[in-house]
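A.B. asks: I have a structure I would like to understand better, so I am pasting it below and will then ask my questions one at a time.
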2 protein chains.
Amino acid sequence: MGEFELIRHYFAAAPCAQAVEGVALGIGDDCALLDLPAGEQLAISTDTLVAGVHFPDPCDAFLLGQRALAVAASDLAAMGATPLGFTLALCLPQATNDWLQGFARGLNQMAEQCGLALIGGDTTRGPLSLTVTVFGRLPRGQALLRSGAKVGDLLCVGGSLGDAAAALPLVLGQQQAAPEVAAALLAQYWSPRPQLALGQALRGKASAALDISDGLLADCGHIAAASGVALQIELARVPLSPAILALLSLPAAQHCALSGGDDYRLAFTLPAQHLSGLQADGWALQVIGRVVAGQGVQLLDEQGRVITPPSVWRNPWHFLAFGFGSGTLPKAPGTWGSLLALAFVPLWQLLPAWGYGLVLIVTTAFGCWLCGKVARDLGVHDHGGIVWDELVGVWITLWLVPAGWQWLLLGFVLFRLFDIVKPWPIRWIDRHVHGGVGIMLDDVLAGVFAWLSLQLIILGLS
Amino acid sequence: MGEFELIRHYFAAAPCAQAVEGVALGIGDDCALLDLPAGEQLAISTDTLVAGVHFPDPCDAFLLGQRALAVAASDLAAMGATPLGFTLALCLPQATNDWLQGFARGLNQMAEQCGLALIGGDTTRGPLSLTVTVFGRLPRGQALLRSGAKVGDLLCVGGSLGDAAAALPLVLGQQQAAPEVAAALLAQYWSPRPQLALGQALRGKASAALDISDGLLADCGHIAAASGVALQIELARVPLSPAILALLSLPAAQHCALSGGDDYRLAFTLPAQHLSGLQADGWALQVIGRVVAGQGVQLLDEQGRVITPPSVWRNPWHFLAFGFGSGTLPKAPGTWGSLLALAFVPLWQLLPAWGYGLVLIVTTAFGCWLCGKVARDLGVHDHGGIVWDELVGVWITLWLVPAGWQWLLLGFVLFRLFDIVKPWPIRWIDRHVHGGVGIMLDDVLAGVFAWLSLQLIILGLS
């Protein structure tokens with residue numbers, strides 16, 4: 001029996017690998033077997049952590065054991081699933097006793113806290129990395145998806161945000177902090193508490209949910225995209241811990257909370273009628289905004305005005321993506337962007353038809369890069385203020401169309417119509433294609449539809 | 001959206017990631033959701049492949065995609081499970097389009113062949129490795145375990161063995177072969193066909209089963225240990241392909257088949273009454289031996305005699321572990337080893353009590369190392385011919401016992417009794433503790449039980 005075979009037996013003997021209800025067969029055979037009560041579904045999620053990428057190397061094995069399982073279990077919380085078990089694929093350069101014992105202690109502690117049993121896995125020699133696959137159960141059809149948010153719902157989070165991101169310089173040894181501040185922040189980084197009980201309490205109540213791993217703005221962008229709505233976040237309501245405010249200035253703490261990631265708190269949308277019941281049950285949830293019609297995520301100040309990212313006035317790419325600033329207007333930035341686009345059309349119409357066509361190709365390709373870059377910079381998938389896509393859509397609409405303000409007006413109306421109604425496949429693309437291409441493609445298609453309509457009208461009139 | 005986010009969307013669009021029955025929710029939310037018909041169980045297995053450890057680096061991405069999934073799916077075959085889906089955790093140093101396309105093609109092809117849908121995963125930057133977790137379903141209680149083999153059952157395999165091991169020097173470029181021979185062997189290495197249909201056909205028939213990944217002898221040792229029986233393999237019946245016999249001599253081919261591994265054929269024990277039915281249904285299974293009382297795995301020659309590993313007469317450690325050769329005797333090697341042990345007792349009795357005690361400590365500790373080493377060398381967990389453990393058990397029994405042949409005889413009888421009856425916890429240890437310690441511990445405990453009985457008898461007589 002080799003060293004790694006021994007490790008397998010070591011894990012098989014761990015407290016978290018012992019028999020529990022629902023696990024018909026644990027470690028030791030070719031497969032583990034799970035029982036699922038009738039009428040329930042199995043929820044499954046896989047997360048990989050790589051040394052030097054997702055955690056510093058070297059690091060404390062006990063903390064790593066805790067963190068690896070917590071990160072994976074948080075996905076069960078985000079679905080509202082009841083935890084069942086997990087498998088662990090552990091890749092180790094060498095196996096020292098100290099390391100394994102520390103790791104197993106951390107893993108056991110988090111497993112017990114989460115109610116997860118170790119049911120299988122694989123241990124191999126190689127560069128340090130861990131893949132945890134978690135299993136939970138759910139009454140059929142009650143999973144909390146990302147796609148159910150409805151206009152009018154409240155946007156809530158399960159606790160203060162930004163601590164883990166604020167802890168990162170401490171984790172990496174790049175910053176010092178007072179001991180009690182450091183302890184509070186490091187605990188959020190190394191042993192986040194998956195909000196499993198809250199997730200289960202939200203079943204049948206929350207309309208959409210996820211766990212915040214990429215940052216509040218980016219993850220709210222996922223809900224907005226999957227649900228086909230816009231989310232408004234009131235910046236002043238985003239909860240911050242005393243520890244993060246002791247370490248950082250308010251703007252720096254807010255930046256961590258909005259774009260930091262690694263929080264593993266739930267973010268969810270909630271029909272307002274469920275709020276008081278959940279609060280009466282003692283859930284410490286925070287309402288931070290609401291679901292409105294539109295797309296993307298908007299940050300609001302205390303007067304309810306959309307906060308423009310300051311970078312729009314500083315970074316030329318951001319300025320361009322925001323339609324020369326038109327995307328910063330508080331109401332209907334897409335409409336203002338489309339109006340601005342009209343101003344360029346007479347200019348393009350000075351070009352020959354193939355020259356105008358070339359402009360379309362170049363601005364579309366450039367837009368895929370630009371919108372992707374700015375969305376990444378801002379940490380939001382489809383920031384409502386990014387209107388370059390609307391500009392290009394209008395320009396497509398008006399290609400090969402006679403000059404004259406009547407045509408401009410007609411094209412503008414048709415394009416807005418297709419962009420708002422989003423006939424198939426535009427709606428599908430809007431939800432399923434991501435990145436810069438995703439931001440551009442739905443408006444490009446709306447432009448093509450509007451162009452076809454205009455050309456038919458021209459054909460009919462001639 | 002970063003490069004790795006793009007890859008996730010790339011996999012989400014793969015043919016194998018599209019909706020199938022049983023998968024209520026695939027890639028794209030926090031978890032995937034599986035439906036399981038009432039009365040069924042979910043089978044789960046995880047396998048990790050690391051570049052440079054489990055496959056050569058660099059290697060063809062298409063072949064790697066096939067192999068990674070086939071290796072994992074084979075565990076479902078070994079349980080008799082009906083394939084449902086899989087998750088893929090892919091760790092990549094960098095993402096090139098060519099590599100990803102080739103890998104996804106291989107993965108898709110094997111997924112289609114196995115009937116497995118990609119339901120989730122994670123893609124991260126790091127040293128190349130893959131963790132595949134597969135899911136299957138089974139009527140409750142019908143899983144093919146390793147622990148059900150009964151004395152009298154036939155031992156069968158699902159096809160020829162050794163090809164993948166014979167292919168390894170070709171994979172590594174260390175050997176050449178005729179093109180059609182190389183093609184046949186390399187196909188077994190790179191795209192083994194998980195015997196999923198055979199596994200399902202064996203439900204309710206085979207008493208124990210697994211897939212051969214570590215080599216026939218080692219894996220049969222797993223069935224023997226888990227079932228508390230011995231397996232006899234008739235060497236001449238182990239099936240070999242024309243390709244392996246074209247490349248290697250018969251003894252070299254047999255070595256690949258017995259100890260090579262990576263076959264991913266099923267090995268299973270079958271009550272004899274099911275054989276003709278399975279053969280009539282067209283299953284190309286091969287009977288290679290049978291289940292007998294005892295422990296470990298025995299190789300038999302064509303006259304049904306136990307084949308002694310030639311190394312016993314060449315390697316001094318093997319000679320010692322085989323009880324100075326007594327373990328090579330065809331019938332009851334444990335009994336002969338115990339008898340030989342008696343010859344040493346008068347010698348130990350010349351020592352003071354503490355000196356005899358010291359002999360026990362040293363021979364026990366040495367035995368843990370020796371039995372582990374020789375079991376590894378032979379590729380069999382608990383080779384029936386390893387009798388060093390019986391020697392030490394007899395010596396323990398006779399510590400602090402008066403000299404005289406009557407006491408020797410009584411001690412021998414008591415020890416054999418406890419070693420054969422295996423009262424709790426000896427039986428449990430025999431099945432659950434592995435490696436050299438596992439081989440030693442059950443005999444050490446049988447010795448302690450026999451010693452206690454002897455001491456009580458002495459106390460009663462005095």
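The values are calculated or read from the model by the stated rules, or taken from the named source; none is laboratory data. As the structure is a prediction and not an experimental result, all values here were calculated from the model. Please note: Cβ atoms are built from the backbone with ideal geometry, for glycine as well, and neighbour counts cover all protein chains shown. For accessibility, only protein heavy atoms count, side chains too; no ligands or nucleic acids. Shrake-Rupley method; radii C 1.70, N 1.55, O 1.52, S 1.80 Å.
A.B. asks: Could you tell me which of the residues A:ALA253, A:ALA224, A:ALA280, A:ALA236 is closer than 30 Å to A:ILE429 by Cα and either open to solvent by 10 Å² or more (accessible area, probe 1.4 Å) or touching a residue at least 24 places away in the same chain (Cβ under 8 Å) (or both)?
C.D. replies: That would be A:ALA224, the only listed residue that is closer than 30 Å to A:ILE429 by Cα and either open to solvent by 10 Å² or more (accessible area, probe 1.4 Å) or touching a residue at least 24 places away in the same chain (Cβ under 8 Å) (or both).
A.B. asks: Can you find a residue that is over 26 Å from A:LEU170 (Cβ atoms) and of a type outside the set (S, T, N, Q) anywhere in the stretch A:240-259?
C.D. replies: no
A.B. asks: A:LEU69 - would you say it is touching a Gly at 6+ places or on another chain (Cβ under 9 Å), modelled with pLDDT of 95 or more and crowded, with 24+ Cβ neighbours inside 10 Å?
C.D. replies: Working: touching a Gly at 6+ places or on another chain (Cβ under 9 Å): yes; modelled with pLDDT of 95 or more: yes; crowded, with 24+ Cβ neighbours inside 10 Å: yes.
For A:LEU69, the condition - touching a Gly at 6+ places or on another chain (Cβ under 9 Å), modelled with pLDDT of 95 or more and crowded, with 24+ Cβ neighbours inside 10 Å - is met.
A.B. asks: Give the residues of the stretch B:194-213 that are in contact (Cβ under 8 Å) with a residue 60 or more places away in the chain, in a loop (DSSP other than H, G, I, E, B) and buried (at least 20 other Cβ atoms within 10 Å of the Cβ), sorted by residue number.
C.D. replies: B:PRO194, B:GLN195, B:LEU202, B:ALA206, B:SER207, B:SER213
A.B. asks: Let me ask something else about it. Please work out which one of (1) part of a helix (DSSP H, G or I); (2) open to solvent by 20 Å² or more (accessible area, probe 1.4 Å); (3) in contact with a His (Cβ under 8 Å, 6 or more places away or on another chain) is the condition B:ALA165 fails and give its number.
C.D. replies: Every listed condition holds for B:ALA165 apart from (3).
A.B. asks: Answer with yes or no whether B:THR96 is at pLDDT below 95, open to solvent by 10 Å² or more (accessible area, probe 1.4 Å) and of a type in the set (Ser, Thr, Tyr).
C.D. replies: Taking the combined requirement at face value, the residue satisfies it.
A.B. asks: Specify which of the listed residues (B:ASP122, B:ASP98) is in contact with a strand residue (DSSP E or B) (Cβ under 7 Å, 6 or more places away or on another chain) and assigned by TED's automatic domain parsing to the domain that holds B:ALA14. Let's see the steps before the verdict.
C.D. replies: Numbers: B:ASP98 fails: in contact with a strand residue (DSSP E or B) (Cβ under 7 Å, 6 or more places away or on another chain).
After ruling out the rest, the residue left standing is B:ASP122.
A.B. asks: Another question, then. Please find, within the stretch A:365-389, the residue that is farthest from the other protein chains (Cβ to nearest Cβ) out of those that are open to solvent by 10 Å² or more (accessible area, probe 1.4 Å) and outside any helix (DSSP H, G or I).
C.D. replies: Going through the qualifying residues, I end up with A:GLY384.
A.B. asks: Given the condition in the same structural domain as A:GLN286 (by TED's automatic domain parsing), under 30 Å from A:GLN18 (Cα atoms) and crowded, with 22+ Cβ neighbours inside 10 Å, answer yes or no: does some residue in the stretch A:183-191 qualify?
C.D. replies: Yes, the stretch A:183-191 has at least one match.
A.B. asks: Return the total of residues in the stretch A:369-385 being at pLDDT 80 or above and farther than 11 Å from A:ALA218 by Cα.
C.D. replies: So the count comes out to 7.
A.B. asks: Would you pick out the residues in the stretch A:53-66 that are under 20 Å from A:GLU112 (Cα atoms) and open to solvent by 30 Å² or more (accessible area, probe 1.4 Å)?
C.D. replies: Within the stretch A:53-66, A:ASP60, A:PHE62, A:LEU63 meet the criteria.
A.B. asks: Related question: Among the residues of the stretch A:413-462, count how many are within 14 Å of chain B (Cβ to nearest Cβ) and touching a Leu at 6+ places or on another chain (Cβ under 6 Å).
C.D. replies: Summing the residues that are within 14 Å of chain B (Cβ to nearest Cβ) and touching a Leu at 6+ places or on another chain (Cβ under 6 Å) in the stretch A:413-462 gives 2.
A.B. asks: Check the stretch B:10-27 and report whether any residue there is acidic (Asp, Glu) and either touching a helix residue (DSSP H, G or I) at 6+ places or on another chain (Cβ under 7 Å) or under 24 Å from B:GLY158 (Cβ atoms) (or both).
C.D. replies: no
A.B. asks: What is the number of the single condition among (1) touching a helix residue (DSSP H, G or I) at 6+ places or on another chain (Cβ under 9 Å); (2) open to solvent by 20 Å² or more (accessible area, probe 1.4 Å) that B:VAL362 does not meet?
C.D. replies: (1)
A.B. asks: Given the conditions (1) of a type in the set (D, E, K, R); (2) open to solvent by 80 Å² or more (accessible area, probe 1.4 Å); (3) more than 19 Å from A:THR335 (Cβ to Cβ), and given that A:ASP301 satisfies all but one, which numbered condition is not satisfied?
C.D. replies: (2)
A.B. asks: Of all helices (runs of 4 or more DSSP H) completely enclosed by the stretch A:390-462, which ones contain at least 2 residues that are out of contact with any strand residue (DSSP E or B) (no Cβ under 8 Å at 6 or more places or on another chain) and within 20 Å of A:TRP336 (Cβ to Cβ)?
C.D. replies: Hits in the stretch A:390-462: A:405-421, A:435-461.
A.B. asks: Kindly list the number of the only condition in (1) within 14 Å of chain B (Cβ to nearest Cβ); (2) under 20 Å from the mean Cα position of the chain (by Cα) that fails for A:GLY159.
C.D. replies: Result: A:GLY159 passes all but (1).
A.B. asks: Only residues that are among the hydrophobic types (A, V, I, L, M, F, W, C) and modelled with pLDDT under 90: list them for the stretch A:406-429, please.
C.D. replies: A:ILE420, A:VAL421, A:TRP424, A:ILE426, A:TRP428, A:ILE429
A.B. asks: Could you go through the stretch B:328-342 and let me know if any residue there is at pLDDT below 95 and touching a Pro at 6+ places or on another chain (Cβ under 9 Å).
C.D. replies: yes
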